[in-house]
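K.L.:
Encoded as structure tokens, here's the structure I'll be asking about.
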Amino acid sequence: MEITEKKKITDKKDGGVRKRMILYYPEAVDGGKAGRRINRFISDIISTLKKDAERASFVYVRCGYEKHNESPLSFLFELELYGKDGVYRHAPFSVTFGEDGRAMPLCKSKKEIKEIKRGFKERGINISSRALKYSYYIKDGKTVCYAAPENDRRAKNQLITVS
């Protein structure tokens, strides 16, 4: 299945404040039923991001992505939000699609999930099994679980990963 990049840019003035949104996202070309499912899933994500960003007090929103694996198709998205008062937020999220175009949750044994959670705990992050279910992507055939570090001052543009 061929993947192309789409780009949406909006630039508005809202009460004298300029709001800008730049969204990069993948689109499956000629993927049949699976490709249509993937496109619908990603377009739902993008439309939700747009609605949330328009309601919030952020003045600059940027969403980019990286394709990490071809089969199964795995993407890591990174959302950056800047507020007019200097607030910055970094929100990573990912999705891995199966052959049928549906999102695949992380299917590991309880023992493997305990090891992953222990690896995060050693780095100072408590992560629930539920949060871990979709916080992964596949890179070079290996499953990479990630979490954004907790910070009370400013969000950091970094991910803590456990393979």
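The values are calculated or read from the model by the stated rules, or taken from the named source; none is laboratory data. All values derive from a computational prediction rather than experimental measurement. Glycine also receives a Cβ, built like all others from the backbone with ideal geometry; neighbour counts cover every protein chain displayed. Note: accessible area is taken over every heavy atom of the protein model, side chains too, but ligands, DNA and RNA are not part of it. Shrake-Rupley method; radii C 1.70, N 1.55, O 1.52, S 1.80 Å.
K.L.:
Tell me, which residue of the range 15-50 that is open to solvent by 90 Å² or more (accessible area, probe 1.4 Å) and at negative phi is farthest from the chain's Cα centre (by Cα)?
P.N.:
Taking the range 15-50 first, the residues open to solvent by 90 Å² or more (accessible area, probe 1.4 Å) are 18, 30, 33, 36, 40.
Retained after the next criterion (residues that are at negative phi): 18, 33, 36, 40.
On the way: 18: 25, 33: 23, 36: 20, 40: 16 Å.
Looking at residues that are open to solvent by 90 Å² or more (accessible area, probe 1.4 Å) and at negative phi, I get 18.
K.L.:
Now for a separate question. What is the number of the single condition among (1) at pLDDT 85 or above; (2) open to solvent by less than 70 Å² (accessible area, probe 1.4 Å); (3) not hydrophobic (A, V, I, L, M, F, W, C) that residue 90 does not meet?
P.N.:
Condition (1) is where residue 90 drops out.
K.L.:
Among the residues of the range 74-86, what is the count of those that are surrounded by fewer than 14 Cβ atoms within 10 Å (Cβ to Cβ) and at negative phi?
P.N.:
The number of residues fulfilling the criteria is 3.
K.L.:
So, one more: Could you look through the range 134-152, keep only residues that are closer than 17 Å to residue 91 by Cβ and open to solvent by 90 Å² or more (accessible area, probe 1.4 Å), and pick out the one that is modelled with the lowest pLDDT?
P.N.:
Within the range 134-152, the subset closer than 17 Å to residue 91 by Cβ is 134-137, 145-152.
From the residues that got through so far, the ones that are open to solvent by 90 Å² or more (accessible area, probe 1.4 Å) too are 134, 150, 152.
Working: 134: 83, 150: 66, 152: 49.
In this case the residue turns out to be 152.
K.L.:
So in the range 99-121, with the set limited to residues that are open to solvent by less than 60 Å² (accessible area, probe 1.4 Å) and touching a residue at least 60 places away in the same chain (Cβ under 8 Å), which one is nearest to residue 15 (Cα to Cα)? Can you show your working first?
P.N.:
Start the filter on the range 99-121 by keeping residues that are open to solvent by less than 60 Å² (accessible area, probe 1.4 Å), which leaves 101, 103, 105-106, 109, 113, 116, 119-120.
This time we only want the ones that are touching a residue at least 60 places away in the same chain (Cβ under 8 Å), so: 101, 103.
Values: 101: 42, 103: 39 Å.
The selected residue is 103.
K.L.:
Kindly establish whether residue 96 is of a type in the set (S, T, N, Q), touching a strand residue (DSSP E or B) at 6+ places or on another chain (Cβ under 7 Å) and open to solvent by less than 30 Å² (accessible area, probe 1.4 Å). Show your work before the answer.
P.N.:
Details: of a type in the set (S, T, N, Q): yes; touching a strand residue (DSSP E or B) at 6+ places or on another chain (Cβ under 7 Å): yes; open to solvent by less than 30 Å² (accessible area, probe 1.4 Å): yes.
Taking the combined requirement at face value, the residue satisfies it.
K.L.:
Yes or no: residue 25 aromatic (Phe, Trp, Tyr), at pLDDT 90 or above and outside any helix (DSSP H, G or I)? Write out each step before concluding.
P.N.:
On the way: aromatic (Phe, Trp, Tyr): yes; at pLDDT 90 or above: yes; outside any helix (DSSP H, G or I): yes.
So residue 25 passes the test.
K.L.:
Then there is this: Of 120, 93, which residue is part of a strand (DSSP E or B), on the phi < 0 side of the Ramachandran plot and of a type in the set (Phe, Trp, Tyr)?
P.N.:
Details: 120 fails: part of a strand (DSSP E or B).
Result: 93 is the single residue among 120, 93 that is part of a strand (DSSP E or B), on the phi < 0 side of the Ramachandran plot and of a type in the set (Phe, Trp, Tyr).
K.L.:
Any idea which of (1) modelled with pLDDT of 85 or more; (2) in contact with a Lys or Arg (Cβ under 8 Å, 6 or more places away or on another chain) is the one residue 163 doesn't satisfy?
P.N.:
So residue 163 meets the others, but not (1).
K.L.:
Kindly list, by first and then second residue, each pair from a residue in the range 122-133 that is within 13 Å of residue 161 (Cβ to Cβ) to a residue that is in a loop (DSSP other than H, G, I, E, B), limited to pairs with Cβ atoms under 7 Å and residues at least 6 apart or on different chains.
P.N.:
Note: pairs meeting the criteria are 125/149; 125/150; 132/106.
K.L.:
Now a separate question. In the range 56-66, is there at least one residue being touching a Cys at 6+ places or on another chain (Cβ under 9 Å), open to solvent by less than 40 Å² (accessible area, probe 1.4 Å) and either in contact (Cβ under 8 Å) with a residue 40 or more places away in the chain or in a strand (DSSP E or B) (or both)? First the steps, then the outcome.
P.N.:
To start, the set of residues in the range 56-66 that are touching a Cys at 6+ places or on another chain (Cβ under 9 Å) comprises none.
Looking for residues that are touching a Cys at 6+ places or on another chain (Cβ under 9 Å), open to solvent by less than 40 Å² (accessible area, probe 1.4 Å) and either in contact (Cβ under 8 Å) with a residue 40 or more places away in the chain or in a strand (DSSP E or B) (or both), one finds none in the range 56-66, hence no.
K.L.:
Can I ask one more? Of (1) part of a strand (DSSP E or B); (2) open to solvent by 40 Å² or more (accessible area, probe 1.4 Å); (3) among the hydroxyl-bearing types (Ser, Thr, Tyr), residue 10 satisfies all except one. Which?
P.N.:
Of the numbered conditions (1) part of a strand (DSSP E or B); (2) open to solvent by 40 Å² or more (accessible area, probe 1.4 Å); (3) among the hydroxyl-bearing types (Ser, Thr, Tyr), the odd one out for residue 10 is (2).
K.L.:
Restricting the search to the range 100-116, which residues are more than 20 Å from residue 77 (Cα to Cα) and in a loop (DSSP other than H, G, I, E, B)?
P.N.:
Keep residues of the range 100-116 that are more than 20 Å from residue 77 (Cα to Cα), which gives 100, 107-116.
Result: 100, 107, 108, 109.
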